[in-house]
């Protein structure tokens, strides 16, 4: 990306000019302002990438300026700088959209590192946006019809898109989709249906593992009134209800063997009868089936008839695990964030800490895309700030190297605040009034914190 443009908004001249000189020497384009009105005027005329913002300012405080910036220019990242010992303002700034924060005094090299971290975040966001823009007409067609689609732009997923598009044109070809749990088998089936000439006909999905054995025949073939005890009216089955559309048989290996035999006859003869009827009904739907089992082992273990497999497996699509398409994880994170934000109304949480991307790229997903979706949803429920961070994930386990957060989490903030209070008390020789002055907070605020943290 182009060189970053940075605005320094600090009323202390020494800090403002010192930061400007240092960052300019590092190759950044730097602008500076002492008052919020001047800073906002600069942003109105110049597109900046990052604002380094002091909390204590004339005209309005830094938190108010931060909120104004995020409202007017949501793509600008803000790094907060404060000389205050009150961590409440730091927490509020993080929740209001700040990317990072520093407490005066600080080392300029640390500020540069924070800016570089923010640069990486901006680069990552730009790459995610590029990937979204590159979704072609295939994805658009599926979204238009089904409202959801398998997400990704990796070579593995682009190959799946290509196979979907090819088999969709054949119309009558039976398709078998294999892959681990959570890889998106139903989404691929719906995508094939949406791209085919049958797209305006029903897509009828059946989970073969959820139907009791004694109900299979009636559910699949339907029944006439009086066919058995309890058959009080005529009822069409799955084969009839799917019409000229697509019949999706999920977990097909869970189908009882006697039903596999009867399904085979339907696929061979293209007709069936309701239970209790002699009337032949034409079967006109396309069959797409799916399983998470190894199909060769399923045949060997007598779970799936080999002759039925030949009928179902005219065209085979095997879905990769999330581990085999890790480059899609950032795009998936962004996709599930949008869904969860809309679901829970958490419109204030718009960003993901770069450390989260790093941790999830290293995570061993056993549940694949579905597990990632649930993790993002659960983390967003726990998030009450503008940035989704590692601490919002309950089961995200990373190495110590990966746990090096880009911003302090709330537990670390508490530890830092305790240390600052103890240092101030020691410097003031236990005089609480002087300690409060050193921390730039009121005596009553200090007393509350001493009580809260049990510091004597």
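The values are calculated or read from the model by the stated rules, or taken from the named source; none is laboratory data. Predicted model only: the values in this text are computed from it and were never measured. Reconstructed Cβ throughout: ideal geometry from the backbone, glycine too, with neighbour counts over all protein chains shown.
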Among the candidates 201, 219, which residue alone is free of Cβ contacts under 8 Å to residues at least 24 places away in the same chain and either in the same structural domain as residue 367 (by TED's automatic domain parsing) or under 23 Å from residue 284 (Cα atoms) (or both)? 219
Going by the conditions given, is residue 211 in contact with a helix residue (DSSP H, G or I) (Cβ under 7 Å, 6 or more places away or on another chain), surrounded by 18 or more Cβ atoms within 10 Å (Cβ to Cβ) and closer than 13 Å to residue 287 by Cα? no
Cβ-Cβ below 8 Å, separation at least six or inter-chain, first residue in region 357-373 and part of a loop (DSSP other than H, G, I, E, B), second modelled with pLDDT under 90: which pairs? 363/396; 363/397; 363/398
Output the number of residues of region 222-262 satisfying the condition of being part of a helix (DSSP H, G or I) and farther than 15 Å from residue 284 by Cβ. 9
Only listed residue being touching a strand residue (DSSP E or B) at 6+ places or on another chain (Cβ under 9 Å) and surrounded by fewer than 17 Cβ atoms within 10 Å (Cβ to Cβ), chosen from 220, 248, 228, 238: 228
Grab the helices (runs of 4 or more DSSP H) fully contained in region 1-104, keeping just those with 2 or more residues being farther than 30 Å from residue 434 by Cα. 13-25, 36-45, 62-72
Can you name every residue in region 423-453 that is outside any helix (DSSP H, G or I) and either surrounded by 12 or more Cβ atoms within 10 Å (Cβ to Cβ) or assigned by TED's automatic domain parsing to the domain that holds residue 56 (or both)? 428, 431, 440, 441, 442
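For every residue, the table says whether it meets (1) surrounded by fewer than 17 Cβ atoms within 10 Å (Cβ to Cβ); (2) in contact (Cβ under 8 Å) with a residue 60 or more places away in the chain; (3) under 24 Å from residue 103 (Cβ atoms); (4) not assigned by TED's automatic domain parsing to the domain that holds residue 115.
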site: 14; (1), (2), (3), (4): yes, no, yes, no
site: 17; (1), (2), (3), (4): yes, no, yes, no
site: 26; (1), (2), (3), (4): yes, yes, yes, no
site: 33; (1), (2), (3), (4): no, no, yes, no
site: 43; (1), (2), (3), (4): no, no, no, no
site: 50; (1), (2), (3), (4): no, yes, yes, no
Can you confirm whether residue 194 is buried (at least 22 other Cβ atoms within 10 Å of the Cβ), assigned to a helix (DSSP H, G or I) and out of contact with any helix residue (DSSP H, G or I) (no Cβ under 6 Å at 6 or more places or on another chain)? no
